[in-house]
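The values are calculated or read from the model by the stated rules, or taken from the named source; none is laboratory data. It should be emphasised that the depicted structure is a prediction, and the values quoted were computed from it without experimental measurement. Note that we place each Cβ from the backbone using ideal geometry, even for glycine, and neighbour counts take in every protein chain shown. The accessibility values were calculated without ligands, DNA or RNA, using every heavy atom of the protein model including side chains. Shrake-Rupley method; radii C 1.70, N 1.55, O 1.52, S 1.80 Å.
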Amino acid sequence: MKTLLLSLATLLVLLTSSCEKDQPVSYGFSCPVDNHSKGLTVMAVDSRAESVFLEGNISVHSGALEIFLYNPQGEVVYTNCIIAPDQLNIMEVIPAQPGFWKLKYISTGGIGSMDLQMKK
């Protein structure tokens, strides 16, 4: 009887638990920016998403930092160049298109910090 109850309890736990991995909520950069550093992150967007959000803070103490957001067709839908000394708060909402979105940064002598995320 104990074995039967243990088997049923184990089966119930296995049936109710999910094997699906959690998907990241956002994609982006939370890092210091060094002279001539680069970064690229890619986010998959499905047809159910209505918007892509680009949010964050960038601080550049010297040099410059360029930010690019590309839609799935490879078109630049957001770009900005932050020239030191400057701090920028970004809050952009872009209509979503299904496919792979790319967020890229390029430091041209830029030194500072960045916390910039894209999410759906």
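For the range 24-120, rounded, prolate or oblate, judged on the Cα gyration tensor with a ≥ b ≥ c (square roots of eigenvalues), a/c < 1.5 rounded, else prolate if a/b > b/c?
Values: a/c = 2.23, a/b = 2.07, b/c = 1.07.
It comes out prolate by the Cα gyration axes.
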Report task. Mind grabbing the accessible area of residue 40 for me, 1.4 Å probe, Å², rounded to tens? Result -> 110
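Could you sort 120, 104 by their accessible area in this structure, using a 1.4 Å probe and putting the largest first? Don't skip to the end; give the middle numbers.
Working: 120 110, 104 70 Å².
Solvent-accessible surface, decreasing: 120, 104.
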Requested in this report: Would you mind putting 89-98, 109-118 in packing order, based on average other-beta-carbon counts within 10 Å, highest first?
Outcome: 109-118, 89-98
